[in-house]
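A.B. asks: Pasting in a structure now, in structure tokens, and then I'll have a few things to ask.
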Amino acid sequence: MAVFDVDTVMPSDYLLKAVNALLSGYDAVTAVWKGYYITDNAISRLLKFMYDVYNEVFIRGRFLSGGFPAITGNNLVIWREVLNSINGFCECTGEDLDLSIRLRSRGYKVGLIDSDVYSEVPSTYLAFKKQFSRWLFNSIWNMKHNLRLLLMSNDATIWEKVDGVLWMLQFPSMSFAALSILTTVVLSVIGVLIPPIPILLLEALNAIVTLPLTIILWLISGGIGYKAWDFLVNAAKSALLAALMSFPMLIYSIESLITDEWEWTPTPKGYLTRRYSFLRGGLIHELSIILMLITVMIILILNNQLLTTFYIASILAILLYGFRLVIPRR
């Protein structure tokens with residue numbers, strides 16, 4: 001059985017490679033997906049870069065390192081009897097991750113075929129936020145319902161279990177940036193200043209971890225056709241976008257932890273994008289955090305807390321510049 005998203009574009013040899021992989025011993029197979037766009041603007045070009053480069057690490061890298069073999073929802077080929085043996089797809093929105101966990105927990109082999117498929121990327125910030133919030137909810141839903149199943153499995157390796165947890169945390173982890181900023185703001189307002197030396201040590205540790213990852217991503221981007229300057233510009237833009245979106249993702253993470261009810265709507269693409277205007281769905285979270293930071297700056301200035309004021313001002317500048325990315329433009 002083969003399952004694809006409606007906007008998935010496969011190479012002509014995809015099914016031949018998938019079936020050969022199943023006949024060679026795999027129970028289910030998937031492929032790395034990259035992006036394409038039909039609306040050429042700043043957001044669609046940025047998201048194509050992000051999916052092209054980052055999926056090489058998040059998907060192909062996991063298979064090459066023997067990590068958790070996550071099936072991507074836009075392409076899957078599986079034996080019918082294998083799907084039936086685990087009672088088919090779940091009645092949930094995160095069926096691809098749920099399927100991956102149940103397959104590996106039962107000892108089934110999931111493989112990655114040597115073909116790339118292509119999926120349409122959103123062309124507006126709000127459409128991307130809608131897509132990402134659904135992925136975030138799916139991750140948290142699976143953590144609540146399937147984490148024990150994965151960790152207690154006798155068939156999954158230790159590394160697969162650890163990497164499976166990391167996979168489930170990758171979308172909620174975007175909210176960590178917002179949580180860190182809000183914690184610092186609250187402590188500053190109530191007069192608790194974090195000593196500068198620990199801050200410098202944490203920043204140094206972050207740089208040590210980020211530098212080799214950036215080099216790996218740069219090398220990968222060159223291998224799939226991106227020039228060095230294109231990589232630097234797009235990597236910086238994706239970091240700004242992540243910083244801005246971390247605040248609504250923090251709200252959605254809290255909501256997902258509380259409830260299993262989540263309205264499933266398709267990611268606005270194609271004709272749906274035209275019906276999904278820029279203001280529909282709102283930017284209330286993003287605008288609220290910017291207004292809050294401006295208010296905190298005024299309070300800190302009045303209390304002569306200039307060091308923390310500088311920190312808040314730098315965060316505000318980053319968010320305001322990132323806000324420019326979400327304004328629809330070519």
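The values are calculated or read from the model by the stated rules, or taken from the named source; none is laboratory data. Everything quoted here is computed from the prediction, not taken from an experiment. We place every Cβ from the backbone using ideal geometry, glycine too, and count neighbours over all the protein chains shown. Surface areas here come from the heavy atoms of the whole protein model, side chains and all, with no ligands, DNA or RNA. Shrake-Rupley method; radii C 1.70, N 1.55, O 1.52, S 1.80 Å.
A.B. asks: Using a probe of 1.4 angstrom, how much of the accessible area of the chain is carbon and sulfur, in percent?
C.D. replies: 67 percent
A.B. asks: Go ahead and estimate [θ] at 222 nm for the chain from helices alone: -39,500 (n - 2.57) per DSSP H run with n ≥ 4, summed, over the residue count, rounded to 500.
C.D. replies: -20500 deg cm²/dmol
A.B. asks: Using the charge dipole of the range 1-79 (Lys, Arg: +1 at Cβ; Asp, Glu: -1 at Cβ; taken about the Cα centre), state which of TYR14, ILE38, MET50 has its Cα farthest towards the positive end.
C.D. replies: MET50
A.B. asks: Show me 223-232, 311-320 ranked by packing, highest mean number of other Cβ atoms within 10 Å first.
C.D. replies: 311-320, 223-232
A.B. asks: Cross-link partners among lysines for LYS237, C-alpha distance below 27 Å, same-chain residues fewer than 8 apart left out?
C.D. replies: Of all the lysines, those that pass the test against LYS237 - Cα under 27 Å, at least 8 places apart if same chain - are LYS34, LYS48, LYS129, LYS130, LYS227, LYS269.
A.B. asks: Let me spell out the model: positive unit charges on the Cβ of Lys and Arg, negative unit charges on the Cβ of Asp and Glu, origin at the Cα centre of the range 63-141. What dipole size does that give, in debye rounded to 20?
C.D. replies: Roughly 220 debye for the range 63-141.
A.B. asks: Could you give the size of the charge dipole of the chain about its Cα centre, using +1 on the Cβ of each K and R and -1 on the Cβ of each D and E, expressed in debye and rounded to the nearest 20?
C.D. replies: Computed about the Cα centre, the dipole is about 600 debye.
A.B. asks: At a Förster radius of 41 Å, what calculated FRET efficiency corresponds to the Cβ-Cβ distance of LEU179 and TRP218, to the nearest 0.05?
C.D. replies: Efficiency for this residue pair is about 0.90.
A.B. asks: Okay, moving on. Per residue, how large is the accessible surface of the chain? Use a 1.4 angstrom probe and give square angstrom.
C.D. replies: Ligands and nucleic acids excluded, the result is 52 Å² per residue.
A.B. asks: What FRET efficiency comes out for the pair SER24/ARG60, r = Cβ-Cβ distance, R0 = 22 Å, nearest 0.05?
C.D. replies: 0.70
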